Every structure is written in C-alpha cells, then in structure tokens.
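Step one of this worksheet: look at the structure below.
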Amino acid sequence: MSHTPEKPLAADIQIYDDDAVAAELAQGASLIAVLRKALADGDAILRQCFAEGAPAAELVPWRAALMDRILNRAWESRLGAFGDLSTLVAVGGYGRGELHPGSDVDVLVLIRPSTRERLAEAVEAFIAALWDLGLDVGHSVRTVPECEEAAGADVTIATNLMESRRIAGSADLFHEMREVTGHDRVWPSRTFFQVKLAEQQARHDKYHDTAYNLEPNIKASPGGLRDIQMVGWVAKRHFGADRLHDLVKEGFLTEAEYQALYAGQCFLWDVRFALHTLAGRREDRLLFDHQIALAGEFGYSDKDGALAVEQFMQRYFRTVMELSRLNEMLLQLFAEVILYAEENETPVPINKRFQARKGFLEVAHRHVFRDYPFALLEVFLLLEQHPELKGVRAATIRLIRQHRTLIDERFRRDMRARTLFMEILRQPQGITHALRRMHRYGVLGRYIPAFGRITGRMQYDLFHVYTVDSHTLFVVRNLRRMAIPEHRDELPLAHTVMTRVRKPELIFLAALFHDIAKGRGGDHSELGARDAYEFAIQHGLGAYDARLVSWLVLHHLAMSMTAQRKDLSDPQVITDFARLVGDQIHLDCIYLVTVADIRATNPELWNSWRAALLDELYTLTRRALRRGLGNPVDKPELVREAQSEARRLLYHGGIGHAKVREIWQRLPDDYFLRHTPREIAWHTEAVAATGDADLPLVVISADDQRGGTVVFLYARDNPHLFARSVSALDRLGLDIQDARIITTECDYTLISYMVLDSDGEPVDIALRAAEIREAIRAAIADHTGEAPQPPAARRLPRQLRHFQTRTQITFSDDPQNQRTALEIITADRPGLLARVGQAFSDCKVRVKNAKISTIGERAEDVFFITDEDGRPLLAPEQFRRVRERLRALLDEEAP
C-alpha cells in the first residue's frame, strides 16, 4: 500500500485504555502480561494508521504518550509507594516526546542521596519490569549531584538531560536536576556550541562528509535527523527555544526556511517509521535489504530510465541535501551570534560588491545579487582567491539561496558569468571546496541544469557507492589532489603526469560532464560529450580544447575497459589503444580522468592491482606513441627484448646458458610476451632447480610493480589443472585478478596467478605462503586425471543477496592469437571462479589467459580459451556445450 502522509490521526482513535488495564489488574491479571498486550495493541493501531496514510509526525508523539502510560503503570506498581523520594525522567529522543517503533526507551531514575539503599530493590524491580515488557531500555540511576557531575563531564549526558521530561514521581526533584544541569551551571552555550559543532564534523567525517552513501544512515549521515537535532540543541541551549519554529520569531529562520526544514524532518520521520516497521526493530540504515520495499510503500514504480528504488532514493538524497544546506546556514548564524558577537571588527572591502567581516565573506549590501546577478558566481571565486577567509556569513548564504532563481538562460549567456565559471576552474587552489560549496548552495545545479538533474541520482548497484553528483565532485577532488605535492606518494605516476598538464581546467571540466547524462536513456558518454563540447565552446574554449574535453567524456571508460578486460601482453591491444588516444596529451588526460574516476566510484574498488594495470597500459601506450603509430612494435622484437633483459638478470644466478636455452626452447613466444623479464628470470631459476619428482612446483612471490602477489605453478599438464588450482585458491579466500597459462611442447604447464587477499591488499607471504603452497599441491597432486568436485555452496554476503544479474556469455574470435575470447557477466558470489573452472574441465576447454574483474555485485570476467588441442573453438556445437555447462553451474548458485 502506498504511504502518502497526508491523513491526520483521528482524535477519537484510542491507542491506550487505562480503564481496561485497571480492570484486568483488579481481576488479578499479571501486570507484565497486561502491559505487554496494551503496548502491542497500541503499536498495532499506530502501524495501521501509518499504513492508511497518517504521518509519522503525528504518530511518533502518540507512541511516546503510549509509552508514558505504560511506564507510569509499571512505576506505580514498583515505586509508587515511595512517594516523592524518586522521579522517573524521559531523556534523549524520548524526552523530546519522539518515539519511533524501534527506538530505545531512554530513562533516568532520579533519587535522593539518602534513599539509595532503601530504593535499590524497588528500582531494580522496575528496570526488570521494563525488560520483561520487551523494551529496549537505556537507563541510569543518579542523584541530583551525580547528574550535575556527569553532565559537566560529558556533553552527551548534558544534552540528554537538557531534553528531559518528567513522567512520574517527584516534580521538585526533577526541577532540582534541571536547575543544576542548566547552561549557567554546566557547558555554557559558547562551549556547548563549539563541542557540538566538532561532534557534528566528526560524525560527518565518518560518512566521508557526504550524505550520498548508497546505504545512508537516516539519523547520523550528513543531512539526517541528527543534523536537525543539532540545530534544536543549540537553539534550546542558547536561546531557550523549545520548538524549531521559535527560531522564526528570533529572526534566525524565515517562514519558508522553517517549512522546508519541517517538511524534510517529516519525510525522514516517515522513512524511519516505515523502516522500523519493516525491519521489526530499530534500524536507521537504509540498507539495500529494505530500499525496494520502502520505494513501493511510498508509491514509486519502475519507469523508463529509473527504477522505483532509484526514484525513492533520489527524493531522499535531495531532501537531505536541502537539510544540509539549512543546517550549514543556521550553524553559521549561531556561530556569528555565539562565537563572534563580541568581536568588533570593521569590514574590509574586497571590491564594490563584497567585503570581509570577522574572517567571513559577505555582500557589501543586501541588493548585491539583485543588482549584479553574476556575483552569485563571483562569491566562489573570491573564496578561492582569499584562502584566509573561513567561509561565508550566514546572511549572505541566505541571500544566495533567495536569489538562485536569477540563474536562468539569460544569466547563463552572460559573458561575465561564463568567464567567472572558467576562472573558478583555473584557480591554483580551492577548486574542490568552491564546487562543493556551489553545489550545497544550489548554484551549480542551476548554472549547469544537467548537473541539477543528476543531483541525488543513485544507481541501484554495489559498484557506484555514491550518487552521481557526489561521485562527480569526488572525481574533481581526486584530480586536484594529484597536483598537490604533499600527496605525490599516493599516486606517483599520476602526480608526475598531472604536473605536465598545461590546462588542468580542461580535465576538471571533463570530470564535471563525464556522467552528466546518466538517466536520460541512450549512451551517457555520447550524450555527455555533446553537452561538454557545447558548454566548452560557449565558455570561450578554442575548438581544439573543446574537442579534447568532449573526447574525454566520450571515451572516459575506454582506458579502464582496456586495462581490466583485454590482454595487455598482446601488442595489437596496445596499438589499438594508442590509435584511439592519438597523442601524448590525450593519453595523459584520459589516464588522469580514469584513475580519478575509479577512485571516486567506490573506496573499496581501488587497489594496488588496478593501479598497476593502468600504469602498465599508460607506459606501454606511451612507448607505442613515441615509436610512432605507423611503426608498431612486432612480437619477435618484444620477445628478443624480454629474453635479453632476463638473461642479464640471470647472469649472476649461477644457471648456465645451456640450461637456460634448454628451458626456454620448450616455451612458446607467448610466454615471453606475457611475462616481465624479472618474472621470466625467477621462473627460470625455479624450474631449473626442480626435478620431475618435486612437481608440482608452487612458488609465491610479491610483485611490487603490479601491486599484488604472484602464485606460480609449474606441473605436468593435465586438463583439470586450472580448475583444481583456482578452486584451491578460492577456498583460501584469495581473489584472483589475472591468470596466465602456458603449456610447453613437452606437456608441462606454467600458470601465473596474480592474487590479492580478501581485503584487496597483497598477501602476507611470510604468514600464508606455506598454506597456499600446500593447498595447491594437495588439490592437484593426487587427482591429476580426475575432474574436480563442485565447490561447496557458501552463504552469500548480505549485500549480494539483493541484486539479480542475468548471466551473459559471449564468444568472440581472436584469430591473431589463435584462441577464442569468452566473456562472462554474472552475479558475483563465493566460489564463482571455481565453478567456471569446473565447466571448462567438463567441456575439455583449456584456459590460456584470464582477466578477472568484479564490478560491485557483478563479475565481468574474460577468458582466452582453446580446445584440448590448443586450437580456437570453431564449431557451433563447441560453443553450445560450453555455454550450457556454464549456465548450469552458474545459474544454480545465482543469488
């Protein structure tokens, strides 16, 4: 049923009948049983009201009132005989009169110092009764002096007591507690504000300072309910405001701003009420487990270009963005009143439109934006040019918000506005902060309407963990970070390349537009490229620069796709990519955008292996460009170079030239193309030192250049070697990133696996080498002629269970290398590669190379395969058999 919170709660609805409770108790019924039933009945009525459209803004106070009646009865039963010696106090959210279905019931039992021992047993019985009622209770038992001491030591306790409310017991005792914990006794408003502000920033930092994580916490994430409560706490502490609307009377909020704040709170309350009801407990995280159900409950349905869940989440993200804007403006206002009110400082003119006051930027007069609309962009440029400024004064933030409607088509055609925007991108510092502030104030989405349309837009997958707009600004941040010397060690090659870029504003512009067309239908790269070119020309860029920006948007996925899904040891792959980029400038720019894009997509996606792949592709392509596109390097030349360098490394190893020739004569040219000289050298040393009796040989080595761990396997050839070895690695929890398989003319097989540990980092060789070696040897030593057993089914991780990925199997020819390319797109899951290996064994398919890539909930793996005789697959029957076996093994375990 769709939840549209418009219907008010009927005044005659009774959620608790005290007379009925009293009657049952008079007949001897158990207090706990009666109260449990009364609470369950009341909650059921509230849930029904919510399902019928009653807003949570009305239901939440009603549930608090219901809890008051329940607790009153329990108090009277256990502590009523002690009169004015104690008080039951609601604190925290319950103290505010806000109680969602799964909220904790936080209470304070206030006692007089002289009665502690006398009341101990009764208090213990009362708390036990609350637990027996099934409540999630947070409780404390304190005297008034203890409250004063605890509040003075902990601002969280002071905050909870500030919102306290008496439920039962002595009113005098309650007022004594409120008096000694007031702002004139503990945490003066100035200190309180400073500490709570730092507390909010620490909380925001925990969520990467963005509200746009795709499983946000509706209470704690930026823009969530805690940010609204933060405003209320400061208002209450400093101004004595009991309600948010009191801030309108104080002049801190306009009526329109209050309505926006209240509407946002009501929506989040509706979501939280529904989430608690759906989960059957307290749950403040909007997990994938619940998002689809919530979208349906709020009336959304799938439509072209947007799933119901994406529409619902976009509403959520846009709501919290507006709440974040209001939170920032109000806290700036509070700071000016609480922290800077006593500072008498003469404004310092910056130009005729702006001035600095107390370290903050402000307009010279309240009609600046009306008289000079382009100043809506100038404010951000000035912040970049004056890093000594701490921010924007609240009154100016409000004026920006009120004048955003001036940013229309006429404004966008104004050459002054266009010049200002490009100057913002050209500044040597402050670009990231400027664009984020423009976005928070609602300016960026108005100046670039297409950016406004992607604001809050999510993609329901595990690959993109931020909304499109948040991801885009992270890309810009990553690009800017590459240029900062202090961060050169993070990405040494990217830093070096970035320092060579003459016009960094071009890649910043490409970053802003690379995903701007998502959700429109069609290829977002093509649509975005057209938008980027038009914008660049309008903003005074020359034709070459505009084409470069457009090309970067059009091809922003090309480098990552090539690096992660193609065989970089194939010279033709490098030649094709070099032809795509054409010159060094395009290569530099697409490399930088690609690295920044991947790092901004998912913090867990970037690892040393991906970094090494992109660096390798960049280096190989740069070499091809220097050689000249008309003179591509050929395979024999690459083989000779690899062998020459490997011989140099082996020179001091004590292996005779004859032994090296003997080993290398058995290896095909592909081996020398697919491995570095260093790998060839240590492989040769290992093979030379191993006799047939010692096989299979398993060597584990760190590969610092490629950022992973190499597992090298040398064994007698058999058709199940790949399947058994990947199954062993899978059982060890290792993630295979790359596999290179070479079979010699003498029926030996060399396999090099590049693996990472489950945390995405290289394996701790000292800790795990022996375990890996023995697991692989055991898997293949005694079963050389037998097909592997199917891998045991394992429990799917929580997030993977909520996505359906249809298995796609695609074959393509690779005639130049005499093999068949097989691409598998399917749902990621534990044991996936082991099942693929089993399918290959069952179909007598040999794997020559493999590129393994996990994209969120999807695996996108490419295998280069042959038949058992080393020939590419050609017959339709071969394709059918492999496809059917893969589907049988993969679809039976699909989530």
> Once the Cβ-Cβ distance between Asn351 and Ala81 is put in as r, and R0 is 60 Å, what FRET efficiency do you end up with, to the nearest 0.05?
Replying inline: 0.20
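Students sometimes get this wrong: rank Ser324, Ser725 by accessible area, probe 1.4 Å, all chains present, largest first. Please list the in-between numbers first.
Working: Ser324 30, Ser725 0 Å².
Ranked from most to least accessible, the order is Ser324, Ser725.
How would Asp747, Asp597, Asp735 rank on accessible area, largest to smallest, probe 1.4 Å? Numbers along the way, then the final one.
Details: Asp747 90, Asp597 15, Asp735 70 Å².
From most exposed to least exposed: Asp747, Asp735, Asp597.
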> How large is the dipole of the stretch 665-747 about the Cα centre if only Lys and Arg carry +1 and Asp and Glu carry -1, each at its Cβ, rounded to the nearest 20 debye?
Replying inline: 140 debye
>> What does the extension gain come out to for Arg178 and Asp302, with contour length at 0.36 nm per residue minus their alpha carbon separation?
In response: 39.4 nm
>> If R₀ is 51 angstrom, what is the calculated FRET efficiency for the pair Glu342 and Arg165, using the beta carbon separation as r and rounding to 0.05?
In response: 0.90
>> Using the basic label-point model (7 angstrom from Cα toward the beta carbon), what is the Arg806 to Gln572 distance in nanometres?
In response: 3.1 nm
>> If I model a spin label at Asp747 and Asp634 as a point 7 Å from the Cα along the Cα→Cβ vector, what separation in nanometres do I get?
In response: 3.5 nm
> How long is the gain from Asp242 to Arg315 if the chain were fully straight, where each residue apart is worth 0.36 nm and the alpha carbon distance is subtracted?
Replying inline: 23.4 nm
> How much accessible area per residue does the stretch 531-633 have, in Å², with a 1.4 Å probe?
Replying inline: 37 Å²
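Among the GluC sites (Glu not before Pro) in the stretch 150-244, which ones are in a DSSP loop with at most 12 other Cβ atoms within 10 Å of the Cβ? Mind listing them? Spell out each step's value before the answer.
Details: sites: Glu163, Glu176, Glu179, Glu199; in loops: Glu163.
Here no GluC sites (Glu not before Pro) fit, given the DSSP loop and packing criteria.
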> Angle, helix 225-234 long axis vs. longest principal axis of the chain, Cα atoms, 0 to 90°, nearest 10?
Replying inline: 40 degrees
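Rg to Rh for the chain: what is it, with Cα atoms only and Rh by Kirkwood?
Numbers: Rg = 33.3 Å, Rh = 31.9 Å.
Answer for the chain: 1.04.
Grab the Cα-Cα distance for Asp545 and Asp43, subtract it from 0.36 nm times how many residues apart they are, and report the gain in nm with one decimal. Numbers along the way, then the final one.
Details: separation 502, 0.36 × 502 = 180.72 nm, distance 6.33 nm.
Here the segment from Asp545 to Asp43 would lengthen by 174.4 nm.
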> Along the positive direction of the dipole of the chain (beta-carbon charges: Lys, Arg +1; Asp, Glu -1; about the Cα centre), which of Ala23, Leu822, Val271 reaches farthest?
Replying inline: Leu822
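Report the calculated FRET efficiency for Leu580 and Asp408 (r = Cβ-Cβ distance, R0 = 41 Å), to the nearest 0.05. Please list the in-between numbers first.
Numbers: r = 39 Å, r/R0 = 0.96.
Computed FRET efficiency for Leu580 and Asp408: 0.55.
Could you sort the peptides 759-766, 576-583, 624-631 by per-residue average Cβ neighbour count (10 Å cutoff), highest mean leading? Write down the numbers at each step before the final one.
Details: 759-766: 14.5, 576-583: 16.8, 624-631: 12.0.
Order by mean packing, descending: 576-583, 759-766, 624-631.
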> Ala220 versus Gln385, label points 7 Å from Cα toward the beta carbon: distance in nm?
Replying inline: 4.3 nm
>> At 1.4 Å probe size, put His652, His555 in order of accessible surface, largest to smallest.
In response: His652, His555
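Dipole magnitude of the chain about its Cα centre, charges +1 at Lys/Arg Cβ and -1 at Asp/Glu Cβ only, in debye to the nearest 20? Let's see the in-between values first.
Values: 114 positive and 127 negative charges, 500 e Å.
Approximately 2400 debye in magnitude.
The values are calculated or read from the model by the stated rules, or taken from the named source; none is laboratory data. What you see is a predicted model, and the numbers here were worked out from it, not measured in a lab. When we count neighbours, we look across all protein chains shown, and the Cβ atoms used for this are built from the backbone with ideal geometry, even at glycine. Ligands, DNA and RNA are excluded from the accessible area calculation, which covers all protein heavy atoms including side chains. Shrake-Rupley method; radii C 1.70, N 1.55, O 1.52, S 1.80 Å.
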